[in-house]
Amino acid sequence: MRRRTWILLAAAAAVALGVGFGIVSWGDRDEGGAPAVREYPLGERPAAPPIAGELLDGEQFEVASLRGDVVVVNLWGSWCPPCRAETADLEEVYQATQELGVSFVGVNVRDSRDRAISFMSGRVTYPSIFDPPFANGVGFSDPPAPVGPPATLIIDREGDLAAVVYRVVGRAELEQLVRGIAAEGAPADG
């Protein structure tokens with residue numbers, strides 16, 4: 001009996017370990033099996049998709065106007081629990097990296113303007129484009145457009161796509177990505 005018990009325990013542990021590994025690995029992939037975080041090496045980066053629209057305050061805005069900065073673009077919705085969970089981390093990284101020539105812009109999708117403004121109030125200090133139908137998704141080709149929030153793009157100072165995160169991003173991971181891309185070159189003058 002003892003030998004059989006040990007064999008069963010060893011088999012159960014192996015299954016648990018395999019399942020645990022599968023969950024960890026699966027979390028690093030999107031639903032189609034592509035990496036959930038995609039980093040582009042310097043010199044091999046595609047141009048960032050054109051992202052523009054009306055900010056929550058009504059002003060027109062183009063992400064391209066921030067060329068020379070590292071730009072973090074976060075796709076979010078107030079109705080999205082993972083988006084709500086990452087909001088404080090995004091704001092903390094924004095505050096911690098502004099001095100490095102880093103800008104943040106949100107892109108709010110599938111929301112009402114009032115809900116989006118209410119959610120941002122007191123939580124987020126960077127601007128957000130109001131894009132309920134996610135019209136900005138049309139400009140994506142490589143990488144493919146996120147199918148929904150949350151997703152975060154990091155655009156380098158040249159206007160090229162340096163990284164895309166197709167899931168919730170935590171403070172440490174985002175700050176490491178942003179600081180690495182910001183270190184590639186000094187902020188442009190002017």
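Asp111 fulfils the conditions (1) more than 16 Å from the chain's Cα centre (by Cα); (2) under 22 Å from Asp156 (Cβ atoms) except for a single criterion, (2).
Here is a yes/no grid of residues against (1) outside the structural domain of Pro133 (by TED's automatic domain parsing); (2) in contact with a helix residue (DSSP H, G or I) (Cβ under 9 Å, 6 or more places away or on another chain); (3) small (Gly, Ala, Ser); (4) modelled with pLDDT under 95:
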{"residue": "Gly20", "(1), (2), (3), (4)": "yes, no, yes, yes"}
{"residue": "Gly27", "(1), (2), (3), (4)": "yes, no, yes, yes"}
{"residue": "Pro50", "(1), (2), (3), (4)": "no, yes, no, yes"}
{"residue": "Leu90", "(1), (2), (3), (4)": "no, yes, no, no"}
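Taken as a whole, the structure leaves Glu86 outside the set of residues that are touching a helix residue (DSSP H, G or I) at 6+ places or on another chain (Cβ under 7 Å) and either aliphatic (A, V, I, L, M) or assigned by TED's automatic domain parsing to the domain that holds Thr152 (or both). Does any residue in segment 122-150 that is within 22 Å of Val93 (Cα to Cα) and in a loop (DSSP other than H, G, I, E, B) come within less than 7 Å, Cβ to Cβ, of a residue that is among the acidic types (Asp, Glu) and modelled with pLDDT of 90 or more six or more places away or on a different chain, and which pairs are these? Once the first residue is within 22 Å of Val93 (Cα to Cα) and in a loop (DSSP other than H, G, I, E, B) and sits in segment 122-150, its partners that are among the acidic types (Asp, Glu) and modelled with pLDDT of 90 or more give Arg123/Glu91; Val124/Glu91; Thr125/Glu91; Pro150/Glu86.
The values are calculated or read from the model by the stated rules, or taken from the named source; none is laboratory data. The shown structure was predicted, so the numbers you read here are calculated from the model rather than taken from an experiment. Positions of Cβ are backbone-derived with ideal geometry, glycine not excepted, and every protein chain shown enters the neighbour counts.
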